[in-house]
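None of the figures in this text is laboratory data; all of them are computed from the coordinates on show. What you are looking at is a predicted structure, and each value in this text was computed from that prediction instead of being measured. Cβ sites come from the backbone with ideal geometry, for glycine too, and all protein chains shown count toward neighbours.
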């Protein structure tokens, strides 16, 4: 469980870092692009670079990972747009509920993944837990435009499904493959982000070098981002826990930890619905861990 706990901790660190960007006067989009470059470079170097890529470039997972990088940067744009149009609540629910898609697919089609009452109850609790933990009372009366959130929902689910589906030893035959698998979508996202960044600068006719704070924020985010991806892949491969259980534990664990850190370090206030959601999330995690240990 060390790999899973580490992944949850690093993922929660990403949310915490994003919350601090405004205080540190970090320009978010350039920091995101720098983050992709750092994370991709770290994974690419650890994987052995072009030598390893040439040995696996005809593998299905390599091409899928490269293509998914475009979805990474595209979803970022949609999340920013949805936050402006629909509010934080709708957008965060759409992204976090994405785990339902791969979990359902694994339970339906993976012969090694079985549904029992603990897992079924935990997954059932996970949905209201995520909704309630993400709820913000300041956004009442808003009419949501559900097209963009639905695209975020399905797009995030595809990313989760990709990482879970190709993470097994039948695809990741060497440790270098695992590093490369985490790095490839980040490479594409970085290149797409640079192009988009340059296009925006040209449109506004404003060319400027990112500030020191933006560089530091992007580099720190990149290291944490790559680490969270890599340890999640290690979790799928080495814990022996069903993939349909790992995703809810990971998503809910990130929510619980990031919420606790926000309250403790950033003095963020939570309403009663948030606390109820956190309680249901903790109960769901306990059920899934119980299933993993007793099973």
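At a Förster radius of 51 Å, what calculated FRET efficiency corresponds to the Cβ-Cβ distance of residue 116 and residue 201, to the nearest 0.05? Working shown, then result.
On the way: r = 54 Å, r/R0 = 1.06.
So the FRET efficiency works out to roughly 0.40.
Remind me, relative contact order of the chain in percent, using alpha carbon pairs under 8 angstrom and six or more residues apart? Before the final figure, lay out each step's value.
On the way: 374 pairs, mean separation 127.5, N = 295.
Relative contact order here is 43 percent.
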Principal axis extents for region 159-295, Cα atoms only, whole Å, descending order, please.
60, 46, 22
Yeah, region 175-218 with a ≥ b ≥ c from its alpha-carbon gyration tensor (a/c under 1.5 is rounded, else prolate when a/b outruns b/c, oblate otherwise) is oblate
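Using Cβ counts within 10 Å as a stand-in for footprinting exposure, how do 171, 58, 177 rank, fewest first? Provide the component values of the computation, followed by the final result.
On the way: 171 17, 58 8, 177 22.
With the sparsest Cβ surroundings first, the list reads 58, 171, 177.
Order by neighbour count: 290, 117, 197, 61, fewest other Cβ atoms within 10 Å first, most last.
Working: 290 13, 117 9, 197 16, 61 19.
By the 10 Å Cβ count, ascending: 117, 290, 197, 61.
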Extension reserve of the residue 238-residue 55 stretch, reckoned as 0.36 nm per residue once the Cα distance is removed
63.5 nm
So what is the 222 nm mean residue ellipticity for the chain from helices alone, if each DSSP H run of at least 4 adds -39500 (n - 2.57) and you divide by all residues, rounding to the nearest 500 deg cm²/dmol?
-27000 deg cm²/dmol
With the radius of gyration and the Kirkwood radius both derived from the Cα set of the chain, what is their ratio Rg to Rh?
0.96
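Classify region 151-190 from the C-alpha gyration tensor, please: rounded if a/c falls under 1.5, else prolate or oblate depending on whether a/b exceeds b/c.
Details: a/c = 4.79, a/b = 1.47, b/c = 3.25.
It is oblate, given that a/c is not under 1.5 and a/b is not larger than b/c.
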